[in-house]
Amino acid sequence: MIMETGFGLTAVFDAGSWAGLWWLLTLLPILGTTLAADSIRTLEIGDRNAVPMIAADTIYEGAAVGIVAATGLARPLAAADRFAGFAESKADNEAGAASAKNVRVVERGKIRLSVAGATITDLGQPVYATDDDTFVFSPVGGAFIGFVHRFVSSGVVIVAFDALNYRDPYGQYTMREVISADKTLDAEDTGKLFWVDTDGKIITLPAVAAGLDGCLIVNGGSFGTVAVTISPNASDLILGPDITAADNKDLINTKATAQRGDFAVIGGNDADGNAVQALRGIWARET
């Protein structure tokens with residue numbers, strides 16, 4: 001039997017040969033079905049989108065818009081939502097059912113926002129929203145929006161956003177807490193992110209046998225305002241890059257040079273103490 005494969009190849013095999021038939025069948029998914037005439041498709045260009053919205057609500061122009069995970073519908077952003085962009089115009093669905101109206105959003109661009117505590121040293125910092133008009137640096141209890149593009153004035157910055165492509169740099173940490181007072185960790189803090197927003201607070205690690213691992217401790221203060229101190233159990237030490245380890249000696253994010261986003265990942269324990277898996281910023285061992 002002789003067959004044309006469609007690729008300029010000719011298959012020759014005995015019609016009774018299952019091996020030859022199998023070879024031909026493996027080509028079928030590759031061949032597919034191609035167009036034989038023009039196909040008129042609907043294309044969209046630009047950075048706008050129109051998203052069906054929840055019932056009985058209004059999304060105002062300029063609002064951060066969130067997508068409800070359970071329904072896929074848009075609403076004025078809430079902390080648990082996925083950010084979809086900023087509303088280009090008001091969408092009033094107070095009297096409508098779910099999906100009765102769409103909200104038109106800008107998915108990508110740069111926008112001027114008031115971000116609590118923003119200073120000129122915050123270039124590149126990730127920004128979060130706790131509702132449709134409240135923007136913060138803390139990743140605890142907020143939806144990721146974008147990154148600081150430019151400083152304007154105290155508390156005001158230009159934020160670059162891209163709802164489809166930008167990703168939360170702390171996205172792998174789903175459990176997050178703020179530290180505003182001294183805190184002692186335990187094994188149940190494994191895998192958590194801690195955002196330290198207050199100067200002079202001490203984070204005490206459990207004995208290495210407790211098994212704490214993969215804990216991210218982040219300095220949430222603006223440049224030179226917050227010292228983060230990580231203290232081992234009295235009988236343990238902290239090991240890490242260029243750290244001369246010694247029992248009961250703290251690891252300190254030096255306040256004078258500390259920047260928002262400096263961090264230490266604590267874990268990878270051995271018999272002598274906790275190991276630092278990653279560092280950002282200037283850290284020093286207690287003398």
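Things worth noting here:
- Among strands (runs of 3 or more DSSP E) entirely within segment 189-287, having at least 3 residues that are out of contact with any Lys or Arg (no Cβ under 8 Å at 6 or more places or on another chain) and either in the same structural domain as Gly155 (by TED's automatic domain parsing) or closer than 29 Å to Val136 by Cα (or both) singles out 263-270, 273-280.
- Applying a threshold of 6 Å to beta carbon distances and a minimum spacing of six or more residues, or different chains, the list of pairs starting in segment 148-164 at a residue that is within 12 Å of Ala116 (Cα to Cα) and ending at one that is of a type outside the set (Val, Ile, Thr) and outside any strand (DSSP E or B) reads Gly155/Ala118; Val157/Ala118.
- Selection status of Gly146, in contact with a Gly (Cβ under 9 Å, 6 or more places away or on another chain), farther than 17 Å from Ala56 by Cα and not in a loop (DSSP other than H, G, I, E, B): no
- Asp236 passes every criterion in (1) within 26 Å of the chain's Cα centre (by Cα); (2) more than 22 Å from Pro126 (Cα to Cα); (3) crowded, with 20+ Cβ neighbours inside 10 Å apart from (1).
- Of all residues making up segment 122-143, the number that are assigned to a loop (DSSP other than H, G, I, E, B) and over 21 Å from Ile179 (Cβ atoms): 4
- Residue within segment 136-144 that is touching a residue at least 60 places away in the same chain (Cβ under 8 Å), surrounded by fewer than 16 Cβ atoms within 10 Å (Cβ to Cβ) and out of contact with any Cys (no Cβ under 6 Å at 6 or more places or on another chain) present: yes
- Options Lys183, Lys192; residue that is within 20 Å of the chain's Cα centre (by Cα) and within 24 Å of Asn253 (Cβ to Cβ): Lys192
- Selected residue (criterion: nearest to Asp199 (Cα to Cα)) from residues of segment 216-261 that are among the charged types (D, E, K, R) and at pLDDT 95 or above: Lys255
- Gly72 being at positive phi, crowded, with 22+ Cβ neighbours inside 10 Å and not hydrophobic (A, V, I, L, M, F, W, C): no
- Glu61 vs. criteria at negative phi, in a loop (DSSP other than H, G, I, E, B), touching a Lys or Arg at 6+ places or on another chain (Cβ under 6 Å) and loosely packed, with under 14 Cβ neighbours inside 10 Å: yes
The values are calculated or read from the model by the stated rules, or taken from the named source; none is laboratory data. Small disclaimer: the values here were computed from a predicted structure and weren't measured. A quick note on method: Cβ atoms are made from the backbone with ideal geometry, for glycine too, and the neighbour counts reach across all protein chains shown.
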